[in-house]
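Okay, so here's the structure we're looking at.
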Amino acid sequence: MQQETIIILDFGAQYSQLIARRVRECSVFCEILPFDTSMAELKAKNPKGIILSGGPASVYTDQAPRIGQEIFHMGVPVLGICYGMHLMTYELGGMVCSGVQREYGKTDVNILDYQDIFKGFETLVNGSLRTWMSHNDLVKQAPSGFTVLAATDHTPFAAMANRELKLYGVQFHPEVVHTQYGKELIANFLTEVCECRRDWTMESFVENAIESIRNQVGDGQVVCGLSGGIDSAVAAVLVHRAVGSQLTCIYVDHGFMRKNESEQVVKTFQDGFKMNLVHVDAVSRFVSKMAGITEPEQKRKLIGSEFIRVFEEEAAKLGDVEYLVQGTLYPDVIESGTSQAAVIKSHHNVGGLPEDMQFQLVEPLRALFKDEVRLLAQELELPAEIVWRQPFPGPGLAIRVIGEVSQERLDILREVDAIYIEEIRTAGLYKEIWQAFAVLTNTRAVGVMGDERTYDYVVALRAVASEDGMTADWARIPYDVLERMSRRIMNEVKGVSRVTYDISSKPPATIEWE
Ligand code: XMP
């Protein structure tokens, strides 16, 4: 059975990804495409419905993104949100104007028609719906054939429809949480108007993914770099389900992993999933590379290039490999091609490997958002430690040992970090914190132990709350929890004389110290 697809045409909205999230939460698959996608490409997707996103433009300006009329006559239902609604109006001969009385932010909308997109709303709200609006323009006169479904004092068409052509428009944003029952409205559009079955589940995703991996790979040999993180783990397990022993995973242990992490990778994938796993012990190779290196960017670059070298050597040993698995996610797919912000830190990702290798890519997670990958991981029965693992940088502990990295300093940090994370878990804070980790500074401080003077390292504990790692606030860990952490670390780890807690937010600080 063909997978039902909704297409979201993006007009530069901040909220396009949110629309996609809402559609998928309703168990319908969707894709975001640029507004200038050709009609031929659009038709080839055979969509059950099309959603036109909002966007910052005004339909009458010269540079306004337009789409022409044809899309509205395909016989496919269309929902225009904000700018999408203005565009529908403009293209079909209605009138859009600048709102004289600005309605912005929270706005109460009176529902006038309780069919299809507002079906069931009479039991949810008492005539008036709290919505979120964020545009100056509004529809003054709907195109012929449209009726008004909702209005406010200053917005005559807060929602409108042409039921014959299955065209709907809403001035407000049903995808944002500030709109009451926005998800129900989107669900209604999908069910009542697009007649979607709503059967896109992780189980059906797995079935489809396995089939398409098999089609792509045939009887070819496949290699996958495992990092210990969720994306590469899920991608590997999925490919393994599809092609079994044609897949070989390579896990490069660079010596900068946390306590017991390497053992866990071997246990999970080799012993648990019975996958072909090459466990490369490259610890001394990486650690010796770090001798005398103190500058963060130099560290990152050295680790990144050494990693590629080791991976290439190991892959070459496997012989005839044609395919490389990567855990690329949907946000990377959408964002690729947009201009990159200034490089603050050069990231090293196992997923970003290796640029000039002659492999064809297998990217089974290309259509998924991060939390969908977590659902998928659960569906594939990956262990909870991997499913819920906090983000961990490719260069690992090497960028958390400030200054020169040595085996001794890595070992101290590993012990400190393990105690810290154990206490975070015991306090029930692990899931609500975006990232918690310890840093071994290159500062020493004087202490006293028994009657002895000590002169040991200062450790910093860092924990941040964040949505996406782009901005972050330091986590308010209760004092008594901090006290227990500090006491345990100083008592149990030799070489540490002081524990500090980092109270810097991002910006201006970054999450990692290097
Ligand atoms: P910063 O320190 O830039 O970190 O605020 C933002 C997020 O990115 C992670 N990070 C990395 N992840 N390879 C990765 O895969 C890297 O080289 C890398 N450097 C930083 C960091 O842990 C945080 O989640």
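The values are calculated or read from the model by the stated rules, or taken from the named source; none is laboratory data. Everything quoted here is computed from the prediction, not taken from an experiment. For neighbour counting, all protein chains shown are included, and Cβ atoms are generated from backbone atoms with ideal geometry for every residue, glycine included.
One table, with the values for the structure above:
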quantity	calculated
Enumerated helices (runs of 4 or more DSSP H) restricted to region 179-267, each holding at least 3 residues that are at pLDDT below 95	202-217
Residue within region 148-168 that is under 28 Å from the mean Cα position of the chain (by Cα), in a loop (DSSP other than H, G, I, E, B) and either closer than 30 Å to PRO383 by Cα or assigned by TED's automatic domain parsing to the domain that holds SER16 (or both) present	no
Qualifying residue in region 44-56 (condition: at pLDDT below 95 and touching a His at 6+ places or on another chain (Cβ under 6 Å))	no
Check on ASP271, part of a loop (DSSP other than H, G, I, E, B) and at negative phi	no
The lone exception for LEU397 - which of (1) modelled with pLDDT under 95; (2) within 16 Å of the ligand (Cβ to nearest atom); (3) not in a loop (DSSP other than H, G, I, E, B) it fails	(1)
Candidate set from region 448-470 (those that are β-branched (Val, Ile, Thr) and crowded, with 17+ Cβ neighbours inside 10 Å); member that is farthest from LEU482 (Cα to Cα)	THR454
Subset of region 262-319 [exposed (fewer than 15 other Cβ atoms within 10 Å of the Cβ) and touching a Lys or Arg at 6+ places or on another chain (Cβ under 8 Å)]	GLU297
Filtered residue count, region 372-391, keeping only those that are of a type in the set (Phe, Trp, Tyr) and more than 16 Å from the ligand (Cβ to nearest atom)	0
Any hit, region 236-244, residues being surrounded by fewer than 21 Cβ atoms within 10 Å (Cβ to Cβ) and out of contact with any helix residue (DSSP H, G or I) (no Cβ under 7 Å at 6 or more places or on another chain)	yes
Neighbours by Cβ (under 8 Å, 6+ apart or cross-chain): first from region 298-319, over 19 Å from GLU404 (Cβ atoms) and within 16 Å of the ligand (Cβ to nearest atom); second in a helix (DSSP H, G or I) and modelled with pLDDT under 95	PHE307/VAL350
Failed item in (1) surrounded by 14 or more Cβ atoms within 10 Å (Cβ to Cβ); (2) at pLDDT 90 or above, with ILE334 passing the rest	(2)
Where a residue in region 383-405 is at positive phi and its partner, wherever it lies, is more than 9 Å from the ligand (Cβ to nearest atom), with Cβ under 6 Å and at least six apart	GLY396/PHE256; GLY396/MET257; GLY403/THR294; GLY403/ASN442
Test for ASP137: is it out of contact with any helix residue (DSSP H, G or I) (no Cβ under 7 Å at 6 or more places or on another chain) and surrounded by 14 or more Cβ atoms within 10 Å (Cβ to Cβ)	no
Strands (runs of 3 or more DSSP E) enclosed by region 408-514 - at least 1 residues per element that are at pLDDT below 95 and away from the ligand (no atom under 16 Å from the Cβ)	435-449, 452-465
Test for VAL362: is it among the β-branched types (Val, Ile, Thr), under 24 Å from the mean Cα position of the chain (by Cα), at pLDDT 95 or above and under 30 Å from ASP320 (Cα atoms)	yes
Single unsatisfied condition, LEU429 versus (1) in contact with a Ser or Thr (Cβ under 9 Å, 6 or more places away or on another chain); (2) touching a residue at least 12 places away in the same chain (Cβ under 8 Å)	(1)
Matching residues in region 378-389 - criterion: being surrounded by fewer than 17 Cβ atoms within 10 Å (Cβ to Cβ) and part of a loop (DSSP other than H, G, I, E, B)	GLU381, PRO383, TRP388
Number of the condition not met by LEU368 [criteria: (1) of a type outside the set (D, E, K, R); (2) surrounded by 15 or more Cβ atoms within 10 Å (Cβ to Cβ); (3) modelled with pLDDT of 95 or more]	(3)
